[in-house]
Number of protein chains: 2
Amino acid sequence: MAEDVKRGKGCLIIIGGHEDRDPEGDRVILKEVARHVAGGKLVLATVASHQPEGYFEEYQKAFDDLDIGELVELYVEDRNEASDRDKLAVLDDAAAIFFSGGDQLRITSQIGDTGIEAKVRAIYERGGVIAGTSAGASVMSDTMLVKGTSSETHRIGDLHMAPGMGLIRNVIIDQHFAERGRFGRLIGAVAHNPRVLGIGIDEDTAAVVEDDIFTVIGSGAVYVVDGSDVSYSNLAEARPERVLSMHDARVHVLGNGNRYDLKRRRPIPPSDR
Amino acid sequence: MAEDVKRGKGCLIIIGGHEDRDPEGDRVILKEVARHVAGGKLVLATVASHQPEGYFEEYQKAFDDLDIGELVELYVEDRNEASDRDKLAVLDDAAAIFFSGGDQLRITSQIGDTGIEAKVRAIYERGGVIAGTSAGASVMSDTMLVKGTSSETHRIGDLHMAPGMGLIRNVIIDQHFAERGRFGRLIGAVAHNPRVLGIGIDEDTAAVVEDDIFTVIGSGAVYVVDGSDVSYSNLAEARPERVLSMHDARVHVLGNGNRYDLKRRRPIPPSDR
């Protein structure tokens, strides 16, 4: 685990969905996004949604009194549009891109390996911010969770994964975590390959990744499932309808202000700050 | 952790709720109960319920073709009845008692420290079976979970506990576990005192405790949260509305047939059987 976890110099803001967007509310997470954008241009990518109407307006209101120089929407109706010169130009001088919620497969199938994806990577590499909520959070890892049962016993064959955008390596991200009872499926994902660290993010909560450390902000918790010490799992032996068995997973629950070192795979004791 | 975990010589069948009761169904758990009753008398205690009508009839149908010598209902309308000679006589020659679901506080407030409770203990001590589902499962430990938020971020002050029946020590039990997204609250309960092992049981799933080992049966999973190695928790420092933080919990997910040694606090590798 000595290699870098992040692939770019920038910052990732990985949000568990339903972040406070009420112009009268605390908006802890959007304020953190704005703090990083620092008067620059923020592109709101609504690509995850089949019906993006209304998203942009909602975020426009939510960001209105925050320090965003320019807020622009980026949507692609279909994959052909993802190489349009006009669409690409939107990203040229962006300080940050924010992927809103919807379907993570819509993001990867419509912009994967296109000019837009290359530009997103370039923003990230040159030190910009990539934020994403819900589907926009899941999509950040090499392999992403696509589907899996919530609020019921996790069965081995229940989980569907797909290649993600690969902005952060050796992790797998789940969102709406406590709200949708997804502990079973995250532990199931880790059982597939304990090389990946499971990161489950509650609603209105974010992991802000800078260098190889993330800090938790927002009103919920971030759960980390570390399979390094797993002493037994039946993942490879059993039939798909069987219940997953797994011994010795390590779990951390991290609230607002808690930090986690992704490279060392250790939570940072609050006294060490 | 060298002391015995169980307080009686008998067997505990701790069920996560909604066990299959369909006379045409697999009824894996009820069959296990019947196997232990082995033609003897089973007392169905519906005390947990404010409206016990229908429970007994449902279980009567479910147990009808299984090896139960006699099935009798035990209900107490109020605490005064819990010392009635007639009520107590029901338990005299019972091989087993089965606590159905409802409110765990109704069980303890109505029969705690009464003649009925003494008889339950006596059955257990002489080697009988104590089964319980849902509220009837929670009630088995020294300290029981009474209330706490499900399917949302666990906050420090959310959890309510009360003294249980104390048939099994050093554990705390939660039920309807995956179905109601209760991982956060179980880990929160363990944070209060890592001396207790958290045991979360899915619906239609049971932990069958014999000697100091439990075996998982049924269609779901049993989750064990072991706080022995916890390196940090904010439980005592933070305000009740704060999110719980806890580092280094150990978690085991156990499916049908998996066994766990409560005395050594270790899952038993499936190869060791």
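With the structure loaded, tell me whether A:Arg273 is surrounded by fewer than 18 Cβ atoms within 10 Å (Cβ to Cβ), modelled with pLDDT under 95, of a type outside the set (S, T, N, Q) and under 17 Å from B:Met246 (Cα atoms) or whether it fails that test.
Values: surrounded by fewer than 18 Cβ atoms within 10 Å (Cβ to Cβ): yes; modelled with pLDDT under 95: yes; of a type outside the set (S, T, N, Q): yes; under 17 Å from B:Met246 (Cα atoms): yes.
Yes: the conditions hold for A:Arg273.
Tell me which residues, restricted to the range B:257-269, are at the interface with another protein chain (Cβ under 7 Å from one of its Cβ atoms) and surrounded by fewer than 19 Cβ atoms within 10 Å (Cβ to Cβ). I'd like the intermediate steps shown before the answer.
From the range B:257-269, those at the interface with another protein chain (Cβ under 7 Å from one of its Cβ atoms) are B:258, B:267, B:269; that's our starting set.
Scanning the range B:257-269 gives a single hit, B:Pro269.
Based on what the data block shows, is A:Leu167 buried (at least 23 other Cβ atoms within 10 Å of the Cβ) and either more than 25 Å from A:Ser245 (Cβ to Cβ) or of a type outside the set (Val, Ile, Thr) (or both)? Lay out the reasoning, then the answer.
Details: buried (at least 23 other Cβ atoms within 10 Å of the Cβ): no; either more than 25 Å from A:Ser245 (Cβ to Cβ) or of a type outside the set (Val, Ile, Thr) (or both): yes.
When the stated conditions are applied, A:Leu167 does not pass them.
Please go through the range A:192-215 and give me each residue that is in contact with a Ser or Thr (Cβ under 7 Å, 6 or more places away or on another chain), more than 8 Å from chain B (Cβ to nearest Cβ) and assigned to a strand (DSSP E or B), ordered by number.
Hit for the range A:192-215 is A:Val208, nothing else.
Do any helices (runs of 4 or more DSSP H) entirely within the range B:1-101 hold 2 or more residues that are more than 24 Å from B:Val222 (Cα to Cα) and touching a residue at least 24 places away in the same chain (Cβ under 8 Å), and if so, which?
Values: elements: B:28-37, B:55-63, B:85-91.
It comes to B:55-63, B:85-91.
Please tell me if B:Ala189 is touching a residue at least 60 places away in the same chain (Cβ under 8 Å), more than 10 Å from every other protein chain (Cβ to nearest Cβ) and within 17 Å of the chain's Cα centre (by Cα). Write out each step before concluding.
Details: touching a residue at least 60 places away in the same chain (Cβ under 8 Å): no; more than 10 Å from every other protein chain (Cβ to nearest Cβ): yes; within 17 Å of the chain's Cα centre (by Cα): yes.
So B:Ala189 fails the test.
Out of all the residues in the range A:97-117, is one or more surrounded by fewer than 24 Cβ atoms within 10 Å (Cβ to Cβ), away from chain B (no Cβ under 14 Å) and of a type in the set (A, V, I, L, M)?
yes
Just to be sure, is B:Glu58 surrounded by fewer than 17 Cβ atoms within 10 Å (Cβ to Cβ) and modelled with pLDDT under 95? Give the steps one after another, and end with the answer.
On the way: surrounded by fewer than 17 Cβ atoms within 10 Å (Cβ to Cβ): yes; modelled with pLDDT under 95: no.
The answer is no for B:Glu58.
Note down all Cβ pairs under 9 Å where the first residue falls in the range B:156-174 and is without any contact (Cβ under 8 Å) to a residue 24 or more places away in the chain, the second is part of a loop (DSSP other than H, G, I, E, B), and they're at least six residues apart or on different chains.
The qualifying pairs are B:His160/B:Gly148.
Going by the structure shown, is B:Met161 within 12 Å of the chain's Cα centre (by Cα), of a type in the set (A, V, I, L, M, F, W, C) and away from chain A (no Cβ under 14 Å)? Can you show your working first?
Numbers: within 12 Å of the chain's Cα centre (by Cα): no; of a type in the set (A, V, I, L, M, F, W, C): yes; away from chain A (no Cβ under 14 Å): yes.
It is false that B:Met161 is within 12 Å of the chain's Cα centre (by Cα), of a type in the set (A, V, I, L, M, F, W, C) and away from chain A (no Cβ under 14 Å).
Answer yes or no as to whether B:Ala238 is of a type in the set (Gly, Ala, Ser), farther than 24 Å from B:Gly25 by Cβ, within 10 Å of chain A (Cβ to nearest Cβ) and crowded, with 21+ Cβ neighbours inside 10 Å.
Values: of a type in the set (Gly, Ala, Ser): yes; farther than 24 Å from B:Gly25 by Cβ: yes; within 10 Å of chain A (Cβ to nearest Cβ): yes; crowded, with 21+ Cβ neighbours inside 10 Å: no.
No, not satisfied.
Determine, yes or no, whether B:Ser245 is surrounded by fewer than 21 Cβ atoms within 10 Å (Cβ to Cβ), of a type in the set (Gly, Ala, Ser) and at the interface with chain A (Cβ under 8 Å from one of its Cβ atoms). So that I can check it myself, show each step before the final result.
Numbers: surrounded by fewer than 21 Cβ atoms within 10 Å (Cβ to Cβ): no; of a type in the set (Gly, Ala, Ser): yes; at the interface with chain A (Cβ under 8 Å from one of its Cβ atoms): yes.
Judged against the criteria, B:Ser245 is not a match.
The values are calculated or read from the model by the stated rules, or taken from the named source; none is laboratory data. Predicted model, so just to flag it, every value in this text is computed and none were measured. Virtual Cβ from ideal backbone geometry, glycine too; neighbours counted across all protein chains shown.
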